[in-house]
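Everything below concerns the one structure shown next.
The values are calculated or read from the model by the stated rules, or taken from the named source; none is laboratory data. Bear in mind the structure is a predicted one, so any value in this text is a computation, not a measurement. Quick reminder, even Gly has a Cβ in these numbers, built from the backbone with ideal geometry, and neighbours come from all protein chains shown.
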Amino acid sequence: MPENCDDAAHGADMGEACYMSSLDKLLELQANDTAADQLRHRRANLPEQAELKRLATVVADKKVALREPGERRSDLQREQRRLEDEIAMVTTKIASVDSQLYGSSMTSPKEAQALQADLESQNRRRSTLEDQVLELMEQIEPLDEFLSAGEAAIADIEAEAERVRTTLAEHAAEIDAEAAEVAAARAPLAAGVDADLLAEYERLRPLHGGVAVARLSGPTCLGCHISLAAAEVDQLRRQPADAIVHCPDCGCLLAR
């Protein structure tokens, strides 16, 4: 029983009034707990969280779309480097042949003819390789443009996601502050409720979606909004004032 309600001299009417006061406090406690539940739900379902998931999906899809072109560009760049390395080798060979052909040690016309043929062959080879490099560069250029545009788009989306995260943190902090106030108000409310009644309330809350106590307004339970039969209402009225009674339909504690 609440404090100052244990004096039997006040009689049965006072006992009923004290018990009803405890039920009134229980209703206030339930309102507090409902507010806390709602805040937790809001905290877990902030619209910024859904937006972050959406943006993450967009980024993931864009990265998938860039994967094949990126691999293609890498393959072409490797081939370009291979050809450029071969051009460097051919250029070195050309310089060597040219040095032999026009060096002072050259005395044999036949040897000079062979070197000249080799020089022409190496020049043709270098020209062919250079043409191949140009073709690769022409294939790489549009890929570079496509990938650069895609990477820029991803950077923009990630910047937007960062702004959303900042807003999310601000809103979450606001809710957390409100939830802290609600949590601080719970202890004095719970302290004003009879221990047995509080235990029954705590048992019922998770079973009924957080609604464990409801007022009986006339014959109607405001928990399930079902009107009790006249016999049920009469039976409830016959219960002692300190009896813990439940709605026969939804099982809620009834504040009579």
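With the checklist (1) in contact with a strand residue (DSSP E or B) (Cβ under 6 Å, 6 or more places away or on another chain); (2) not in a loop (DSSP other than H, G, I, E, B) in hand, flag the one item residue 249 doesn't pass.
All conditions pass for residue 249, except number (2).
Being in contact (Cβ under 8 Å) with a residue 60 or more places away in the chain, more than 20 Å from the chain's Cα centre (by Cα) and in a helix (DSSP H, G or I) is true for just one of 36, 31. Which residue is that?
Values: 31 fails: in contact (Cβ under 8 Å) with a residue 60 or more places away in the chain.
After ruling out the rest, the residue left standing is 36.
For the range 161-186, give me each residue that is free of Cβ contacts under 8 Å to residues at least 24 places away in the same chain and among the polar types (S, T, N, Q).
From the range 161-186, those free of Cβ contacts under 8 Å to residues at least 24 places away in the same chain are 162-163, 166, 169-170, 173-174, 177, 180-181, 184; that's our starting set.
The one that is free of Cβ contacts under 8 Å to residues at least 24 places away in the same chain and among the polar types (S, T, N, Q): 166.
Regarding residue 222, is this residue free of Cβ contacts under 8 Å to residues at least 12 places away in the same chain and surrounded by 15 or more Cβ atoms within 10 Å (Cβ to Cβ)? Don't jump to the end; show me each part of the working.
Numbers: free of Cβ contacts under 8 Å to residues at least 12 places away in the same chain: yes; surrounded by 15 or more Cβ atoms within 10 Å (Cβ to Cβ): yes.
Considered against the rule, which asks whether it is free of Cβ contacts under 8 Å to residues at least 12 places away in the same chain and surrounded by 15 or more Cβ atoms within 10 Å (Cβ to Cβ), residue 222 comes out as yes.
Specify which of the listed residues (187, 183, 231, 199) is touching a helix residue (DSSP H, G or I) at 6+ places or on another chain (Cβ under 7 Å), of a type in the set (Gly, Ala, Ser) and in a helix (DSSP H, G or I). If you could, list the steps in order and put the result at the bottom.
Details: 187 fails: touching a helix residue (DSSP H, G or I) at 6+ places or on another chain (Cβ under 7 Å); 231 fails: touching a helix residue (DSSP H, G or I) at 6+ places or on another chain (Cβ under 7 Å); 199 fails: touching a helix residue (DSSP H, G or I) at 6+ places or on another chain (Cβ under 7 Å).
Step by step, each of 187, 183, 231, 199 is checked, and only 183 is touching a helix residue (DSSP H, G or I) at 6+ places or on another chain (Cβ under 7 Å), of a type in the set (Gly, Ala, Ser) and in a helix (DSSP H, G or I).
Can you tell me which residue among 115, 168 is of a type outside the set (Ser, Thr, Tyr), in the same structural domain as residue 83 (by TED's automatic domain parsing), in contact with a helix residue (DSSP H, G or I) (Cβ under 9 Å, 6 or more places away or on another chain) and at pLDDT below 95? Talk me through it step by step, then tell me what you get.
On the way: 168 fails: at pLDDT below 95.
Going through 115, 168 in turn, just one is of a type outside the set (Ser, Thr, Tyr), in the same structural domain as residue 83 (by TED's automatic domain parsing), in contact with a helix residue (DSSP H, G or I) (Cβ under 9 Å, 6 or more places away or on another chain) and at pLDDT below 95: 115.
Residue check: is residue 194 surrounded by 11 or more Cβ atoms within 10 Å (Cβ to Cβ) and in contact with a Phe, Trp or Tyr (Cβ under 9 Å, 6 or more places away or on another chain)? Don't jump to the end; show me each part of the working.
Numbers: surrounded by 11 or more Cβ atoms within 10 Å (Cβ to Cβ): yes; in contact with a Phe, Trp or Tyr (Cβ under 9 Å, 6 or more places away or on another chain): yes.
The answer is yes for residue 194.
Per-residue answers, yes or no, for (1) surrounded by 15 or more Cβ atoms within 10 Å (Cβ to Cβ); (2) under 17 Å from residue 141 (Cβ atoms); (3) not basic (Lys, Arg):
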position: 73; (1), (2), (3): yes, yes, no
position: 76; (1), (2), (3): yes, yes, yes
position: 80; (1), (2), (3): yes, yes, yes
position: 83; (1), (2), (3): yes, yes, yes
position: 93; (1), (2), (3): yes, no, no
position: 97; (1), (2), (3): yes, no, yes
position: 102; (1), (2), (3): no, no, yes
position: 109; (1), (2), (3): no, no, yes
position: 114; (1), (2), (3): no, no, yes
